[in-house]
Each structure stands twice: as structure tokens, then as C-alpha cells.
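Q: So that we are looking at the same thing, I have put the structure below in C-alpha cells.
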Protein chains: 2
Amino acid sequence: MSNDEIALRELCANIPGPSAAASAAARTRLDRLTKPPGSLGALEPLIVRLAAITGQVRPEFSRPAVLVAAGDHGVVAERVSAYPQSVTGQMMLNFLRGGAAINALAANAGARVVVVDAGVAADLPDHPGLRRASAGRGTRNLLREPAMTRAQASGALLAGARIVAAECAAGLDLLALGEMGIGNTTAAAAVAAALGDGDSDDWVGRGTGVDDDGLARKQAAVRAAVGRIAGVTDPLEVLRQVGGAELVAMAAACVAARHRELPVVLDGYVVTASVLPLTALRPDALAHCIAGHCSAEPGHRKVLARLGLSPLLDLGMRLGEGSGAMAAVPLVAMACAGVTEVPTFGEWFG
Amino acid sequence: MSNDEIALRELCANIPGPSAAASAAARTRLDRLTKPPGSLGALEPLIVRLAAITGQVRPEFSRPAVLVAAGDHGVVAERVSAYPQSVTGQMMLNFLRGGAAINALAANAGARVVVVDAGVAADLPDHPGLRRASAGRGTRNLLREPAMTRAQASGALLAGARIVAAECAAGLDLLALGEMGIGNTTAAAAVAAALGDGDSDDWVGRGTGVDDDGLARKQAAVRAAVGRIAGVTDPLEVLRQVGGAELVAMAAACVAARHRELPVVLDGYVVTASVLPLTALRPDALAHCIAGHCSAEPGHRKVLARLGLSPLLDLGMRLGEGSGAMAAVPLVAMACAGVTEVPTFGEWFG
């Protein structure tokens, strides 16, 4: 076990509890607003959770960002994706030049895009928006061998945590997690299946749009990967064996956010699968996480149910890049406006 | 039949068809963007519909507003609400002074709030945000007699259409419809039940939070109202008999918006019930309407299903005021950014 992995375990074990005082005060305030009690529906428990996470009775978010973590995957050798591996690098350039869907959605929401190379098999140019945290040029084929060495996984852990620390120091107050990586829905399915129950096929979907033959190859790959690591119960070891560098970086980013009272908006299946192992380290590890949406990938709904998270949006999106999380960011900000800017009956009529 | 009512019928009959050219061009553009086809899920048909409505391949919305139409209801004599009638007028003051939830949500979304007195039983002060369109100080008791005279209904129709025309002239490009009126979920249920099928009780919910006895009184009132107008099949006559002035104003506003290629984001049960009669005049009358959300009021889901509208949000909100529509406005704007600002593969790599 590396020092970084030990550090992550310790960080998980020492996660601060949510602020009971702030959440109780937020609940009390909500019930006193000039509106029928409970009438904001699911936005009310969201506001109470945000208060608990941030310690602020009236949380506000003015500096959101999406961290798009990217990596390549050796399992693409099994022809599990509709796209060639080179698309990962091409999309990284697209993110950096502002031409991807996530750039448009983030700009619309007033959010920054932070692109993380956690292990892309391409040479990327220097760019102010690029964080270099590469743990190698793609993982090994998770069907046949551990996706990452211990050193690689350790590097990705450290990088994910460091990037969040630096962004927090620069004022970040709401973190959306997104990802890019051809082959990474196969890695996500393998992690979820290894930590989940039932038939491993149930955790496998079509990702960016693989055909029937590709889906069968993907299911076979996940089944074989889960079989290969039978007996591995340690959640971080599962992530190293059948996950990917961007998944590891996102898990670390998620823990780091929790230590900084930073709410995290989760995107789709890959992001949600990447943080799933944390709950095996500590059941309430994701108390600061908001499910931005439920994607079209069938495994996503299953992971969300397992985590007890209700998605804010359920629009059948399956783009990745953090797009589903970003689509929910305005709603999170608006929910907070509902509690920060609306007067209570006492303030209004008192 | 009044001249205004005839005019509305003619406007409905002469609704311009959606722009097939713009929607086809939007669909083609979507499929060429640097993302997997279909990966924006329900946002893609939304974008295509917005193109069809506006005639713009790349629709953009920079001047949204919510029209909050308010009225009082004689049926409150049946004790169908958890709140006294005076709350309608109090909330109108709250809207005008910027202290209600809708003000906070609209400010967050960069939208204006236009408050319409369609028939509130209170004296309201002059205010730049108030549109006076009162068709009387509250309706009559719809359980026992027509809620409005023909002249009242006609006045509300004209007012709703005129307000939208004036707002469009001032630059409005996206209209959210909201409402306020103690007792108006009873009117909405009566309209929906009269035009719908099955047991009238199924169209009745708890509104702002009526107790079991209140719910039983509300169900009895709706049953009696529907029975009273048995044989009335004309949809606008149903609205006059068992609806309310703010419902009539919203129906007219909706038709006026269609003639100006203005997309309309619908709020909850009352708003959706108010535009339901239009589809009986012309089946595609609501082709320019977007269901912002599905509320906690059980009848709302039934009306949406009948209209074939899929809500963008489904968060159990039941505040009214346009809050559920406003919560969806950023998502509509963001969906458009997805098509207006993302390059196609040709623009990017060409």
C-alpha cells in the first residue's frame, strides 16, 4: 500500500461530519419562508444538505467549476467502444480550445472548465486550463491484468486531491465532476459489478453507442475482469485493478472536496462508479455529493439507487464530460437563492 | 359569444404551423456536433422543437420573463383551501416588492417578473411590475353558478393576449407562465375533470396542503361543478363556467405567444389545466409549450400525459407562482447553448 493510498484511507476515515447546526437552522428557515411548507419539493432537502455540507445556513455558490478528468484504457483492445482511442486526445484538445459541449454548458452556467490529464495516450500541448496529472499513457487491459500499477494509482490519487486543493485555494465553491475516456464505461461497469451484486451483465450499457456485438464484447470483458479479481474486497484495490486513472483521480478529488466543505455535483455512470468505492471505506463518504442527473446508461440508475442518491435531472443524457452535472448546476444555485433571498414570514410581515 | 372569444377561436384556428425547415436544420446540425448522436437525451428534441417554434436554427434566449397571473375564487366558500382568500392579495404585494420565491428564482435565472391582476379580491397599489387586467374581484362559486360572466371571461381573454403582445414588443423572447390564487387548484381540477375522463376525484389534489376533510370538500365541489355543467362540451365555455380569470388570461397569453413564435414554459397543475382547453380547439395548439416540471399535484401528471408533454424537471415542487417553470428556464437556455455554441465536426476539424 502506497503512502498516498494510506493517506486517502485516512482522509476517508477522518471525514468531518456534516454540520447539524447549519442543517437544522436551514430547515427552520425554510419552514418560515413566505411559502407553503415543503412546497419546493426535492429542492428543500437539497438546501438542507448544502447547509450541512458547507456549514452555511444560507449557502451561495458564485464560483463553480467542472473538473473533467480524462484517461485512456487498455481494455479498448477488446473493441468495447464505438470510437477509437484517439478520440480521447482529440476531445481533450476540444475541451482546451473551448469547442466541446461541456464548454458551452459551463459557459452558460458561469462555470470554469478544468481539464485533467490523468493518463491520456496522447501528447497534449501546454494550456492554462490543463492540469497534468498523468499516471501513464493509458491503463493496461483490465480484462487480463491490473489496469494500473500501485505507483500509477497512487499518482492519480495524489493528483486528484492536489488539484481540488489548488482550486479551493483559488475560490472554487461548487465542484462538478466529469470525465472523458474512450473505454471508460467498461471500467466503470467493472468497478460497479465488482462492488455490486447480481449478474455483471446488468452493469454494462452501450456507453457512447456501441452496437450489439460490441455490447456482447463489453459484457464478456466485464465478466472476465470481475472473475479475474474474485476475492479482492478492498474497494481501492478494485479501483486500481479494473478502474482507470481518471476514476481514481475523481475519487480522490471527491474526498478532498469533502474535507474542504465543498459540495460535489456528480455526473453520469463513470463519475458515480468512481466514487462508489469510497462508501465501502466509510458509509457516509458521499454525504456532500449531489446526483446531478441520471443518465441513459442503465447501470447509472442502479448505482444511484445503491448510493441512496436521487438525481435532480432525468433526461436520458449520455454525453459525459460533466454535461449532466453542469445541467444541474443552475438548479443547485437557484435552490440556494430560494433560501438565501426569500424572506421569512417574520422578516416580511414582522 | 363575445368578440374577444370569437377572436381567440380564430387565433387558435389560424395558429401558424411550426417551421419544418428550422427544425430539420436544427436536427441536422445537432447530428453534426462534436458529440455522440443523441447524447444530449431529452435536450435534443427540446432544441429541435425550439427551432420549430422560433424559426431559428440556433435559438437563443436572453430576455425571459415569467407572467404570474392572479385571481380569486368564489369556491373558497366551500373551504377548499388551507389558506384564507386574503393571502392572494398579500402574495401579490409580496411579488411586487420582490419578496416571494418566484422573485428569487427569476432573479437567479435573469428573468423579469410580470404580475397580472386578472381578478384579485384586494386593492393593489400602483406598481411598474403590475398589469391591471381585473375581470372583477374574484369569481363566483363555480360549484353553484358560472364562475364568470361572459363579459368577465372576455375581459380576461383580451387582457392576457394584450399583455403578451406588449411584452413581446418590449423584447420578451421566452415566456414562463405562473399563477397565484387561493382556491385555484379547485378550479384547475374542475376544468381538467370536465375535459378529462374517469372519476373526477382523481383530478383533485391537496393544492397548497389542505387536510383530509378539506380534500373531501374539494372533491365534492369538483364533482358538483362537473355535474352542474354536464353537457357543456365547448372548451372555452368550460373555462368560463368552472375555471377562473387567471386561467382564462393564461390561455389567451399562450395563444398570443404562439402567434409571436414565442416559446412558453408551463408551470404546474393550474397553468397546465388553463391551456388544456386550447387543444380541444386545435390539437397542436400547445406545440410551442414546454412542460417545465411535473408537480406533486397528482392531476398534473395526468394532464401532462394527456397533452403528450414530458416535463424537464420532476422534483415534487408544488409552490406555484411559476416556480417550477422558472426552475426549468436555465435548462432551456443551456440546451440552446448546446446547439448554438458547440461547433460541428465540419467547423471544428474542417
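The values are calculated or read from the model by the stated rules, or taken from the named source; none is laboratory data. It should be emphasised that the depicted structure is a prediction, and the values quoted were computed from it without experimental measurement. Quick reminder, even Gly has a Cβ in these numbers, built from the backbone with ideal geometry, and neighbours come from all protein chains shown.
Q: Identify, please: which residue in the range B:83-95 is over 20 Å from the mean Cα position of the chain (by Cα) and of a type in the set (A, V, I, L, M, F, W, C) and is, among those, farthest from B:Gly207 (Cα to Cα)?
A: So the residue we want is B:Leu93.
Q: Continuing with the same structure: Could you tell me which residue of the range B:1-55 is nearest to B:Ala337 (Cα to Cα), considering only residues that are in a loop (DSSP other than H, G, I, E, B) and among the aliphatic types (A, V, I, L, M)?
A: Going through the qualifying residues, I end up with B:Leu40.
Q: Turning to a different aspect of this structure: Considering each of B:Glu179, B:Glu145 in turn, give the residue that is modelled with pLDDT of 95 or more, at negative phi, surrounded by 20 or more Cβ atoms within 10 Å (Cβ to Cβ) and not in a helix (DSSP H, G or I). Give the derivation first.
A: On the way: B:Glu145 fails: surrounded by 20 or more Cβ atoms within 10 Å (Cβ to Cβ).
Within the list B:Glu179, B:Glu145, the selection yields B:Glu179.
Q: Something else now. Suppose the filter is under 30 Å from B:Gly320 (Cβ atoms), within 14 Å of chain B (Cβ to nearest Cβ) and of a type in the set (A, V, I, L, M, F, W, C); does A:Ala24 pass it?
A: Here the answer is no, as A:Ala24 does not meet what is asked.
Q: Considering only residues that are on the phi > 0 side of the Ramachandran plot and at pLDDT 95 or above, look in the range A:115-142 and name the one that is surrounded by the fewest Cβ atoms within 10 Å (Cβ to Cβ).
A: Here the answer is A:Gly138.
Q: Sticking with this one: Scan A:Ala245, A:Ala305 and give me the residue that is in contact with a strand residue (DSSP E or B) (Cβ under 8 Å, 6 or more places away or on another chain) and either away from chain B (no Cβ under 14 Å) or surrounded by 24 or more Cβ atoms within 10 Å (Cβ to Cβ) (or both).
A: Criteria check complete, one pass: A:Ala245.
Q: Scan the range A:269-290 and tell me whether some residue there is out of contact with any His (no Cβ under 9 Å at 6 or more places or on another chain) and within 13 Å of chain B (Cβ to nearest Cβ).
A: Yes, the conditions are met somewhere in the range A:269-290.
Conditions (1) buried (at least 24 other Cβ atoms within 10 Å of the Cβ); (2) of a type outside the set (A, V, I, L, M); (3) within 20 Å of A:Met180 (Cβ to Cβ); (4) touching a strand residue (DSSP E or B) at 6+ places or on another chain (Cβ under 8 Å), marked per residue:
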site	(1), (2), (3), (4)
A:Ala280	no, no, no, no
A:Asp284	no, yes, no, no
A:Gly292	yes, yes, yes, yes
A:Ser295	yes, yes, yes, no
A:Arg301	no, yes, no, no
A:Pro311	no, yes, no, yes
A:Gly316	no, yes, yes, no
A:Glu321	yes, yes, yes, yes
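Q: Given (1) assigned to a loop (DSSP other than H, G, I, E, B); (2) in contact (Cβ under 8 Å) with a residue 12 or more places away in the chain; (3) charged (D, E, K, R), where does B:Asp126 come up short, assuming only one miss?
A: Single failed check for B:Asp126: (2).
Q: Return the residue satisfying two criteria in turn: it lies in the range A:37-82 and is farther than 28 Å from B:Leu313 by Cα and within 14 Å of chain B (Cβ to nearest Cβ), and of such residues it is farthest from the chain's Cα centre (by Cα).
A: This residue is A:Ala82.
Q: Taking the range A:56-87 only, how many residues are in a loop (DSSP other than H, G, I, E, B) and of a type in the set (A, V, I, L, M, F, W, C)? Talk me through it step by step, then tell me what you get.
A: Within the range A:56-87, the subset in a loop (DSSP other than H, G, I, E, B) is A:56-63, A:72-73, A:79-85.
Subsequent filtering for residues that are of a type in the set (A, V, I, L, M, F, W, C) retains A:57, A:61, A:80, A:82.
Of the residues in the range A:56-87, 4 are in a loop (DSSP other than H, G, I, E, B) and of a type in the set (A, V, I, L, M, F, W, C).
Q: Right, here's the next one. Can you name the residue in the range B:154-176 that is of a type outside the set (Gly, Ala, Ser) and in a strand (DSSP E or B) and, of all such residues, is surrounded by the fewest Cβ atoms within 10 Å (Cβ to Cβ)?
A: B:Leu174
Q: Considering only residues of the range A:88-111 that are touching a residue at least 60 places away in the same chain (Cβ under 8 Å) and more than 10 Å from every other protein chain (Cβ to nearest Cβ), which is farthest from A:Arg240 (Cα to Cα)?
A: Here the answer is A:Ala111.
Q: Does A:Asn108 satisfy the condition of being over 28 Å from A:Gly308 (Cα atoms), of a type outside the set (Lys, Arg), in a helix (DSSP H, G or I) and in contact with a Phe, Trp or Tyr (Cβ under 7 Å, 6 or more places away or on another chain)?
A: It is false that A:Asn108 is over 28 Å from A:Gly308 (Cα atoms), of a type outside the set (Lys, Arg), in a helix (DSSP H, G or I) and in contact with a Phe, Trp or Tyr (Cβ under 7 Å, 6 or more places away or on another chain).
Q: While we're here: Across the range A:1-38, what is the total count of residues that are crowded, with 23+ Cβ neighbours inside 10 Å and not hydrophobic (A, V, I, L, M, F, W, C)?
A: Number of matching residues: 1.
Q: Being within 19 Å of the chain's Cα centre (by Cα) and over 20 Å from B:Met92 (Cβ atoms) is the filter here; which residues of the range B:115-169 pass it?
A: B:Ala153, B:Ser154, B:Leu157, B:Leu158, B:Ala161, B:Ala165, B:Cys168
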